[in-house]
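Inspection log for the structure reproduced underneath, given as structure tokens.
Just so it is clear, none of the values below were taken in a lab; they were calculated from the coordinates. Remember, predicted model here, so these are calculated numbers, not experimental data. All Cβ positions, glycine included, derive from the backbone under ideal geometry; neighbour counts span all protein chains shown.
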Amino acid sequence: MKAKVNPLPISFSEFSKEPVKGVLFMAVLAIGYLYIDNKFTYNEQIEKQGVKIEKLEAKIDALTMQLKKSDSLLAAAASRIATLQELGKIK
């Protein structure tokens with residue numbers, strides 16, 4: 001008759017003799033699981049934020065171009081107004 005193989009590194013009889021070691025073992029397993037889960041979650045968030053940053057950078061570039069265009073149009077209009085004022089066409 002084959003002896004039953006225990007898949008856990010600690011048997012119930014060992015756990016009942018030294019429960020502190022058993023609880024510490026389970027705590028180490030839980031902390032390890034939480035660490036790995038947290039790492040995967042952060043990697044997913046970093047990837048999502050990277051995509052979001054790229055979109056925002058594209059928007060900033062477009063808005064910067066519009067600002068430059070409007071600034072040059074404003075400068076041109078201001079110079080035209082100054083010229084017309086010098087010629088006495090407008091007050």
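The table that follows gives values for the structure above.
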item: Net charge dipole size for the chain [Lys, Arg +1 and Asp, Glu -1 on Cβ; Debye, nearest 20]; result: 260
item: Cα-based Lys proximity count in the range 13-87, under 23 Å, for pairs eight or more positions apart or on separate chains; result: 7
item: From the coordinates shown, mean projected area of the Cα convex hull in nm² corresponds to which of [x] 7.0; [y] 12.4; [z] 5.6; result: [y]
item: Residue-wise HN-Hα coupling along the range 31-38, computed from phi with Karplus coefficients 6.51, -1.76, 1.60 (Hz; x: Gly, Pro); result: 5, x, 4, 5, 4, 5, 4, 4
item: Extreme residue, positive dipole direction of the chain, given options ILE81, ALA30, PHE40 (C-beta unit charges); result: ILE81
item: Relative exposure of SER16, SER11, judged by other C-beta atoms within 10 Å (fewest first); result: SER16, SER11
